[in-house]
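Before any comments, here is the structure.
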Ligand code: FAD
Ligand code: MLT
Ligand code: ZN
């Protein structure tokens, strides 16, 4: 049966793009964090949406499931196949053309396999900003960003990937091609199909192309690091910037001292320029289309206010682009430092800002009482109320063994706290296989059943990425 299936596949797509040898498949079978490894009948690398439509038909008639895959940088195991060996991985990296930049409409139309950084650069070359930005931008793809509704560091000003998307082309689970590639900012023709596919993590359809919004490229940008004593002051500082800088505020990232000490340990060139290891370091960015001097003056005035109200105790303003980049690199390297340190328990959560301080105080206390010596590595997009609340094994304890024993109860403890404070157990990373159980337990029964009905309606054969997000 497998041989016959592969033979039929070769009639759709050239055999050099169907990888079946173990050493060829291997790079596609394990996720970025090396947490999940699966098996696949083949890795298939299509070039067009009509090839994908034919592949879907063939898989449907052979009961073979499809795992869509982009850069495979996701944190929830969504793009990793299962152990059944009855799945193909459909990696979209060959569909990497930028189809059009429409300057009047301020939109870019592109195929799903375009790498995020290439999109940013193509937009900048025409004087536009494509604002989606995240640590994995050198390898993640826009199809994956859309499928996870990725967040990143510019959400405060420009929104999540969903907010940047105007239109999609999708191959459905029935093998039809839905062409919704319209660059419209208003379109109330019934149910929002685009928004249904955005964030569906490859479980409802395969995104093959998209129309995304562009913005004028800012001409001035100032980045600063400030020292703060506690979460309450950090939120007051955010509110001060929101009030005084309004839409010029494009970044507001919080890093605890523990996260920066870890980053410095693994990347010694990345030291915190603020003296004395403050409990919290906040990276703030203002950008605008006014002159550099105007924005700089505004930043200095706000910082002056913050000093006077004792919200901050120190500040360093980047004097040039390379120093600003160094500040951002330090922030982005926390994840890489965590990976170097060994597996840790990640919680990508949102809490209403008004409750964040209480959440952290309470949850830290519960965790420390139950798991003495654990390291809590917190950082995140504080401007969005999005905290990366990560738990690492105590010094000297093997992370794998610690996680094996404690992963489930720690996740449950944190998620129960998230529910108590009316937050979300997945702010920006999605659900995949990691949070399948968490979603079932915390989404609420009515919402969970509705999600399953949507999955059944769009993919009755459970062909696309089964047992990710919801199980039917
Ligand atoms: P993949 O990992 O390949 O896939 C992710 C999911 O989307 C899977 O379920 C897959 O089946 C599905 N999928 C992929 N392509 C398609 C398609 N064309 N059609 C349908 N389904 C598809 N995420 C954030 O939100 N914010 C961050 O700040 C952030 N920072 C990161 C930093 C680092 C260092 C790393 C490694 C990751 C980070 N991530 C972040 C997570 C990750 O980069 C994002 O989730 C990203 O959007 C995934 O894109 P990808 O192309 O790698 O998708
Ligand atoms: C980030 O904000 O850096 C990413 O979401 C990665 C992470 O959570 O580690
Ligand atoms: Zn993040």
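Observations, loosely collected:
- Selection status of residue 129, more than 28 Å from residue 450 (Cα to Cα) and more than 16 Å from ligand 2 (Cβ to nearest atom): yes
- Here the helices (runs of 4 or more DSSP H) wholly within segment 175-269 that include at least 1 residues being in contact with a helix residue (DSSP H, G or I) (Cβ under 9 Å, 6 or more places away or on another chain) and closer than 19 Å to residue 111 by Cβ are 193-197.
- Segment 448-463, residues that are out of contact with any helix residue (DSSP H, G or I) (no Cβ under 9 Å at 6 or more places or on another chain) and assigned to a helix (DSSP H, G or I): 449, 450, 452, 453, 455, 456, 457
- Sub-6 Å Cβ pairs linking a first residue in segment 341-357 that is over 12 Å from residue 391 (Cβ atoms) and away from ligand 1 (no atom under 16 Å from the Cβ) to a second residue that is at pLDDT 95 or above and part of a loop (DSSP other than H, G, I, E, B), at least 6 apart or interchain, are 351/385; 351/421; 351/423; 353/385; 355/421, ordered by first then second residue.
- The residues on offer are 190, 144, and the sole one that is touching a strand residue (DSSP E or B) at 6+ places or on another chain (Cβ under 9 Å) and either more than 29 Å from residue 385 (Cβ to Cβ) or near ligand 1 (Cβ under 9 Å from one of its atoms) (or both) is 144.
- The set of residues in segment 1-29 that are under 28 Å from the mean Cα position of the chain (by Cα) and either loosely packed, with under 15 Cβ neighbours inside 10 Å or under 15 Å from residue 60 (Cα atoms) (or both) comprises 24, 26, 27.
- Helices (runs of 4 or more DSSP H) fully within segment 285-371 counting 2 or more residues that are assigned by TED's automatic domain parsing to the domain that holds residue 406 and more than 28 Å from the chain's Cα centre (by Cα): 353-370
The values are calculated or read from the model by the stated rules, or taken from the named source; none is laboratory data. These numbers come from a predicted model, not from an experiment. Here the Cβ is made from the backbone with ideal geometry for all residues, glycine too, and neighbour counts use every protein chain on show.
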